[in-house]
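Have a look at the structure below before the remarks.
Read the figures in this text as sums done on the coordinates, not as results from a lab. All values reported here derive from a predicted model rather than from experimental measurement. Cβ sites come from the backbone with ideal geometry, for glycine too, and all protein chains shown count toward neighbours.
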Amino acid sequence: MGTALVIGVGSENGVGGAVCRRFAREGLHVVVAGRTEAKVSAVAESLRSSGARATHAVGDATRSEGVAGFFDAVERVKQTLAGSVQLADVAVTETRVGAAPNQVVFRMTVTVKPS
């Protein structure tokens, strides 16, 4: 069906965890991305234990190589990127998105900044 990339995931009980669960309910393979191995792997494991397809990627979203690593993780899944949510300020990087002619690809960016 496709892959969803969620960047900036922290706690399983936070906004990132909720966004991941929502994409999983839609049947998408979720790539859980963030800075902390323990947190993103816990979210991915929780999704898998509920029957969803999920992997995780660790990197710094404020550095272009970190963001590139997140998109590399999407490519390894070998499914079309169907959705991407950024829950943190991210560096600008090349975005590689492919879709079959009959598929709709959407991208939603949510930037959360302290007030």
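Starting from the amide H of Val85, placed 1.01 Å from N in the peptide plane, find each other amide H under 5 Å away whose residue is 5 or more places distant or on another chain.
Under 5 Å from the amide H of Val85 lie the amide H atoms of Leu5, Val6, Ile7, each far enough along the sequence or on another chain.
Please compute the net charge surrounding Glu12, taking Lys and Arg as +1 and Asp and Glu as -1 over other residues with Cβ under 13 Å from its Cβ.
Cβ neighbours under 13 Å give a net charge of +2.
How would Val43, Val9, Val19 line up from fewest to most surrounding beta-carbon atoms within 10 angstrom?
In increasing order of surrounding Cβ atoms, one gets Val19, Val43, Val9.
Please label the shape of segment 3-86 as rounded, prolate or oblate, based on the square roots a ≥ b ≥ c of the eigenvalues of the alpha-carbon gyration tensor (a/c under 1.5 means rounded; beyond that, a/b larger than b/c means prolate, else oblate).
oblate
Simple spin-label model, 7 Å along Cα-to-Cβ: Ser11 to Lys78 in nm?
3.8
Can you sort Thr55, Thr36 by how many other beta carbons sit within 10 Å, fewest first?
Thr36, Thr55
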